[in-house]
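See below for the structure under consideration.
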Amino acid sequence: MTPAQPPWQALRQRWEAVSRTPDGEPLVSPCVSVCTMHAEVDECQGCLRSIDEIAHWGMSTPAEQRLVWQRLGERIQQHFHKD
């Protein structure tokens with residue numbers, strides 16, 4: 001992530017890269033180094049993951065990580081594509 005790049009843009013770029021990654025391959029972490037939890041919705045303001053998703057990421061299989069990314073794709077849509 002470049003200093004001028006908003007965290008949501010870096011997250012979206014990672015999500016797009018993951019969507020092109022073949023099943024079973026290791027996936028890039030959603031972390032964009034903006035580690036601040038939003039108390040009202042229990043998710044990180046940078047990567048949109050919950051505490052549980054963050055804590056379990058390193059122990060997760062690629063399939064489990066892909067499920068997290070699928071949920072993040074939905075959250076990205078909710079947060080950044082409001083009409």
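The values are calculated or read from the model by the stated rules, or taken from the named source; none is laboratory data. Please read these numbers as outputs of a predicted model, since none were measured by experiment. Methodologically, a virtual Cβ is constructed for each residue, glycine included, from the backbone with ideal geometry; neighbour enumeration extends over all protein chains shown.
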- Note on the structure: Checking 72, 48 in turn, the sole residue that is touching a residue at least 24 places away in the same chain (Cβ under 8 Å), on the phi > 0 side of the Ramachandran plot and either surrounded by 12 or more Cβ atoms within 10 Å (Cβ to Cβ) or touching a strand residue (DSSP E or B) at 6+ places or on another chain (Cβ under 6 Å) (or both) turns out to be 48
- Item | Complete set of residues in region 3-30 that are hydrophobic (A, V, I, L, M, F, W, C), surrounded by fewer than 18 Cβ atoms within 10 Å (Cβ to Cβ) and under 11 Å from the mean Cα position of the chain (by Cα) | 8, 28
- Query: What number goes with the only condition from (1) touching a strand residue (DSSP E or B) at 6+ places or on another chain (Cβ under 8 Å); (2) surrounded by fewer than 11 Cβ atoms within 10 Å (Cβ to Cβ) that residue 35 does not pass?
  - Reply: (2)
- Some residue of region 15-35 being in a loop (DSSP other than H, G, I, E, B), among the charged types (D, E, K, R) and touching a Leu at 6+ places or on another chain (Cβ under 8 Å): no
- Filtering region 49-83 down to residues that are at pLDDT 95 or above, charged (D, E, K, R) and either outside any helix (DSSP H, G or I) or touching a helix residue (DSSP H, G or I) at 6+ places or on another chain (Cβ under 6 Å) (or both) yields 49, 53
- Message: Checking residue 11 against (1) touching a helix residue (DSSP H, G or I) at 6+ places or on another chain (Cβ under 9 Å); (2) within 15 Å of residue 75 (Cα to Cα); (3) assigned to a loop (DSSP other than H, G, I, E, B): exactly one of these is not met. Which one?
- Response: (3)
